[in-house]
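Encoded as structure tokens, the structure appears first; notes follow it.
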Amino acid sequence: MSENDSKPRFRSPPYPAIDLSKAIERAKQLYSKAMHHPAGTAVLAEAWGYGEKSSGLWATAAALIHFGLIRDEGTGPKRKFTLSDIAVRIIRDADPDSEKRRDAIRRAALSPTIHSELREKFGIDPGLSDIVLKNYLTLDRADEGKAAFSDGAADDVIRIYKDSMAFAGIAISASLPPLEEGIGGDDDDDDAFDIAGIRAKRETMKLASSPVAPKQPTAPQYGERVLQDGILSRETTYRIIVKGKIGPREIDRLIKKLELDKEILADAEGEDGEEENIFS
């Protein structure tokens, strides 16, 4: 075994496979077929000209999820995709230059985790060298304890990131006001870690997974940012949105909460004889 073969290998972190401009075009194509109604993979395939099992279809769907343009629910043949409120605002706003539409586009551009991360670290500097970005993606992230990108993936990330920022017209000083009045706020209270509270939310979580439960927005609101998102399996994606400061202490609390949720899922499986996907 060579020295290179002995090095650990890992996948590059998830990122959108297409830029925001193309993603919005795909959202428009889906709207022409399904409007605001949930659509299955057959409808997506028809709208985008892919086969239902095509890797291009799933890469496109994942990209729209990254940008917060579609939401998904269910698994397997029952999996459905619905255009988000942000996507509908971008597509249907009668004034293409309205402030609310521009805000929606900016939010979509920064919705992918790696985009918000790069903007926070480097700002939007037109003169920033791609070499600086690539070194960060392929080397510096590993030094910070994060998963690094392969060279090819880093090149794709940089291109898609820059094209999306340019399309959204985001500058270093760009602010992101709320899409609607009264959304968000400056409340950064650090609530105590409440184990009993987590357990008490079990029934609420089950109700939230029911088909008649109201759908929760996946795009960050004012004062929020995407901490992490990605794909857990072909049928499951995740997104963690935070508001306020996030550091080692908050990460430790998040881990404890997830461990408790894992226990709750195990309890549910033991009681009902089969696994309950209460986080779908």
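Among the residues making up segment 141-152, those that are out of contact with any helix residue (DSSP H, G or I) (no Cβ under 8 Å at 6 or more places or on another chain) and either farther than 26 Å from Gly247 by Cβ or in a helix (DSSP H, G or I) (or both) are Arg141, Ala142, Asp143, Gly152. Just checking, does segment 71-83 include any residue being assigned to a helix (DSSP H, G or I), polar (S, T, N, Q) and buried (at least 17 other Cβ atoms within 10 Å of the Cβ)? The answer is no; no qualifying residue exists. Contact annotation: residue pairs with Cβ atoms under 8 Å, 6 or more positions apart or on different chains, pairing a residue in segment 120-134 that is at pLDDT 80 or above with a partner that is of a type in the set (Lys, Arg), are Glu120/Arg225.
The values are calculated or read from the model by the stated rules, or taken from the named source; none is laboratory data. Source: prediction; values computed, not measured. Please note: Cβ atoms are built from the backbone with ideal geometry, for glycine as well, and neighbour counts cover all protein chains shown.
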